[in-house]
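The block underneath contains the structure these notes are about, expressed in C-alpha coordinates.
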Amino acid sequence: MLSVTAYYDGSNYVTEETVMVKPNQKVIITYLDDSVQTPQKKSLAEIRSYMRGGKSVPEGISTVDYVRELRAD
(Lines give C-alpha, C1' and ligand atoms only; values in the text may rest on other atoms or scores of the structure.)
Protein backbone atom coordinates (compact mmCIF):
# COMPACT_ATOMS: atom_id res chain seq x y z
CA MET A 1 0.00 0.00 0.00
CA LEU A 2 1.26 3.47 -0.90
CA SER A 3 -0.05 6.90 0.12
CA VAL A 4 0.51 9.95 -2.13
CA THR A 5 -0.91 13.45 -2.25
CA ALA A 6 -2.78 14.68 -5.30
CA TYR A 7 -5.28 17.30 -6.42
CA TYR A 8 -8.23 17.35 -8.78
CA ASP A 9 -7.72 19.79 -11.69
CA GLY A 10 -11.36 19.77 -12.79
CA SER A 11 -11.16 16.64 -14.90
CA ASN A 12 -8.26 14.50 -13.63
CA TYR A 13 -6.49 13.62 -10.41
CA VAL A 14 -2.89 14.84 -10.55
CA THR A 15 -0.43 13.21 -8.17
CA GLU A 16 2.22 15.46 -6.66
CA GLU A 17 4.87 12.78 -7.12
CA THR A 18 5.52 10.08 -9.70
CA VAL A 19 3.84 6.75 -8.97
CA MET A 20 3.62 3.51 -10.89
CA VAL A 21 -0.01 2.42 -11.21
CA LYS A 22 -1.13 -0.82 -12.79
CA PRO A 23 -4.27 -1.02 -14.94
CA ASN A 24 -7.33 -1.81 -12.81
CA GLN A 25 -5.40 -1.17 -9.59
CA LYS A 26 -7.72 -0.14 -6.75
CA VAL A 27 -7.16 3.21 -5.02
CA ILE A 28 -8.63 4.97 -2.01
CA ILE A 29 -9.52 8.64 -2.51
CA THR A 30 -10.00 10.94 0.49
CA TYR A 31 -11.39 14.42 -0.07
CA LEU A 32 -9.88 17.11 2.16
CA ASP A 33 -11.25 20.57 2.89
CA ASP A 34 -7.96 22.16 1.78
CA SER A 35 -7.16 23.26 -1.75
CA VAL A 36 -3.84 23.75 -3.54
CA GLN A 37 -2.61 26.56 -5.71
CA THR A 38 -2.18 25.00 -9.12
CA PRO A 39 0.66 26.37 -11.23
CA GLN A 40 -0.47 28.87 -13.85
CA LYS A 41 0.68 28.13 -17.38
CA LYS A 42 2.70 30.84 -19.05
CA SER A 43 1.16 32.42 -22.11
CA LEU A 44 2.96 32.28 -25.43
CA ALA A 45 3.29 36.07 -25.33
CA GLU A 46 4.96 35.89 -21.90
CA ILE A 47 7.41 33.23 -23.10
CA ARG A 48 8.24 35.28 -26.22
CA SER A 49 8.74 38.37 -24.07
CA TYR A 50 11.32 36.51 -21.96
CA MET A 51 13.06 35.31 -25.11
CA ARG A 52 13.25 38.81 -26.63
CA GLY A 53 14.45 40.53 -23.46
CA GLY A 54 18.08 40.87 -22.51
CA LYS A 55 17.54 38.38 -19.70
CA SER A 56 15.63 35.28 -20.74
CA VAL A 57 15.05 33.83 -17.26
CA PRO A 58 12.77 35.70 -14.82
CA GLU A 59 14.35 37.15 -11.68
CA GLY A 60 14.50 34.84 -8.66
CA ILE A 61 14.43 31.47 -10.45
CA SER A 62 17.26 29.28 -11.65
CA THR A 63 17.64 28.50 -15.34
CA VAL A 64 17.11 24.80 -14.67
CA ASP A 65 13.89 25.42 -12.73
CA TYR A 66 12.61 27.81 -15.41
CA VAL A 67 13.22 25.25 -18.18
CA ARG A 68 11.40 22.62 -16.08
CA GLU A 69 8.42 24.98 -15.74
CA LEU A 70 8.36 25.63 -19.49
CA ARG A 71 8.43 21.89 -20.22
CA ALA A 72 5.62 21.28 -17.75
CA ASP A 73 3.48 23.95 -19.46
Query raised in the report: Ignoring ligands, DNA and RNA, what accessible area per residue does the chain give at 1.4 Å, in Å²?
Result: 97
Requested in this report: Using only alpha carbons, build the gyration tensor for region 1-40 and give me the equivalent ellipsoid semi-axes, biggest first, whole Å.
Outcome: 20, 12, 10
Query - Descending semi-axes in Å of the chain, equivalent ellipsoid built from Cα gyration tensor - result: 33, 14, 12
**Report entry** Solvent exposure, largest accessible area first (probe 1.4 Å, DNA, RNA and ligands not counted), of Arg68, Arg52
**Finding:** Arg52, Arg68
Report task. Excluding residues on the same chain fewer than 8 positions from Lys26, give the aspartates and glutamates whose Cα lies under 19 Å from its Cα. Result -> Glu16, Glu17
Query raised in the report: At a 1.4 Å probe, what is the % contribution of carbon and sulfur to the accessible area of the chain?
Result: 52
**Report entry** Protection-proxy order for peptides 14-24, 57-67, each taking the mean of Cβ atoms within 10 Å per residue, highest first
**Finding:** 57-67, 14-24
Requested in this report: For Val19 paired with Gln40, estimate the spin-label separation in nm (one decimal), with each label point 7 Å from Cα along the Cα-to-Cβ line.
Outcome: 3.0
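The values are calculated or read from the model by the stated rules, or taken from the named source; none is laboratory data. Just so it is clear, the structure is predicted and the values come from calculations on it, not from any experiment. Neighbour counts run over all protein chains shown; Cβ positions are idealised from the backbone, glycine included. Note: accessible area is taken over every heavy atom of the protein model, side chains too, but ligands, DNA and RNA are not part of it. Shrake-Rupley method; radii C 1.70, N 1.55, O 1.52, S 1.80 Å.
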